[in-house]
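One structure is given here, and the rest of the page talks about it.
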Amino acid sequence: MFPSTMMEEELNLWDFLERAAELFPRKEVVSRLHTGEVHRTSYAKVYRRARRLMGGLRRLGVEMGDRVATLGFNHFRHLETYFAVPGMGAVLHTANPRLSPKEIAYILNHAEDKVLLFDPQLLPLVETLRPALSTVRHFVVMDEKAPEGYLAYEEVLGEEADPIRVPERAACGMAYTTGTTGLPKGVVYSHRALVLHTLAASLEDGTALSEKDSVLPVVPMFHVNAWCLPYAATLVGAKQVLP
């Protein structure tokens, strides 16, 4: 075999955010939070905070291959999680908060999630789930403050950590089938699969995204990676609007 002299780097989702922070650092990510407040940040800030989230999750004991679950809607903290968890070699499990508590508990236990990050308005749901969860060690409210017995996202953020370069076929995310007659079944995504999906989805005959666009995903971030629109918008440097 005659070897290539071109790029040897393995495909990795983290590269999308690193590129956006370098080339489009001031491009906005706008969220409407559960309080009704409009929050504005940038790719440069999302990048730094994602690295801080990696540091915080490592402090909580998250290691390569561990599953980190979210129960959340569309906002900047969820976007940071989209990159931080795969970026540290862990696996992002976006669970559907609209399922029954029994189904959610089964899914989180089956995935053996170690950490659960969830939106503050879903606290009643998580309080119902918590006694049934056997593997989750830390419960993180994606907000500035948290009630007793829970961790606040902003308090979890630690020192900036460096990403881990895992093989491109390593797991980076997972989702479960729902609405079926049998028990939900997990599907695991690789970095390679999501990078190639994102590239294809951004093409002219896909979503035809470019840096000039503003992207408001109609699909929630807990549903099959919001069709990879958060990844695609970051890849091309488009403004993101997450209500």
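Mind jotting down the distance between the C-alpha centroids of segment 170-226 and segment 75-123, whole Å? Using only Cα atoms, the two centres lie 15 Å from each other. Cross-link reach is defined here as a Cα-Cα straight distance under 22 Å, omitting same-chain residues fewer than 8 places apart; for LYS185 the lysines meeting it are LYS102, LYS114.
This model, with +1 at the C-beta of Lys and Arg and -1 at the C-beta of Asp and Glu, gives segment 26-80 a dipole about its Cα centre of some 300 debye.
Computed from the C-beta positions of GLN121 and ALA152 and an R0 of 22 Å, the FRET efficiency is 0.90 to the nearest 0.05.
For ASP66, the amide hydrogen comes within under 5 Å of the amide hydrogens of VAL91, counting only partners 5 or more places away or on other chains and with H modelled in the peptide plane.
In units of the rule-of-thumb radius 2.2 N^0.38 Å, segment 83-160 shows an alpha carbon radius of gyration of 1.08. Against the main long axis of the alpha-carbon atoms of the chain, helix 76-87 sits at an angle near 70°.
Above 18 Å lies some portion of the pair distances; for segment 1-113, what is it as a whole percent of all C-alpha pairs? Walk me through the intermediate numbers first.
Numbers: 3789 of 6328 pairs.
So the portion of pairs separated by more than 18 Å is 60 percent.
Applying 0.36 nm per residue to the separation of GLU112 and GLU204 and subtracting their alpha-carbon distance, the gain on full extension is 29.2 nm.
I want the antiparallel fraction of DSSP beta bridges within segment 1-109, as a percent rounded to 5.
DSSP beta bridges in segment 1-109 are roughly 55 percent antiparallel.
Using bins of 10 Å that start at zero, the share of Cα-Cα pairs per bin across the chain amounts to 8, 33, 38, 17, 3, 1, 0, in whole %.
Each of ASN12, LEU99, LEU122 was placed along the dipole of segment 1-155 (beta-carbon charges, centred on the mean Cα), and the one lying farthest toward the positive end is LEU122.
Within the chain, DSSP assigns beta bridges of which about 30% are antiparallel (rounded to the nearest 5).
What the Cα atoms of segment 118-213 give is an Rg and a Dmax of 18.3, 50 Å.
Counting only protein heavy atoms, what percent of the accessible surface of the chain is carbon or sulfur at a 1.4 Å probe?
Within the chain, the accessible surface is 54 percent carbon and sulfur.
Helical content of the chain, expressed as a calculated mean residue ellipticity at 222 nm, amounts to -9500 deg cm²/dmol (DSSP H runs of 4 or more residues, -39,500 (n - 2.57) each, divided by residue number, nearest 500).
With R₀ fixed at 51 Å, the C-beta to C-beta distance from THR35 to MET1 puts the FRET efficiency at about 0.30. Counting only Cβ charges, +1 for Lys and Arg and -1 for Asp and Glu, the dipole size of segment 69-139 around its Cα centre is about 60 debye.
In the full protein context, the chain carries 48 Å² of accessible surface per residue, based on a 1.4 Å probe and ignoring ligands, DNA and RNA. Toward the positive end of the charge dipole of the chain, with +1 on the Cβ of Lys and Arg and -1 on the Cβ of Asp and Glu, the farthest Cα among ALA69, CYS228, GLY56 is that of ALA69.
The values are calculated or read from the model by the stated rules, or taken from the named source; none is laboratory data. All of these numbers come straight from a predicted model, not from anything done at the bench. Every residue, glycine as well, gets a Cβ built from its backbone with ideal geometry; the counts of neighbours run over all protein chains shown. Keep in mind that these areas ignore ligands, DNA and RNA; they rest on the heavy atoms of the full protein, side chains included. Shrake-Rupley method; radii C 1.70, N 1.55, O 1.52, S 1.80 Å.
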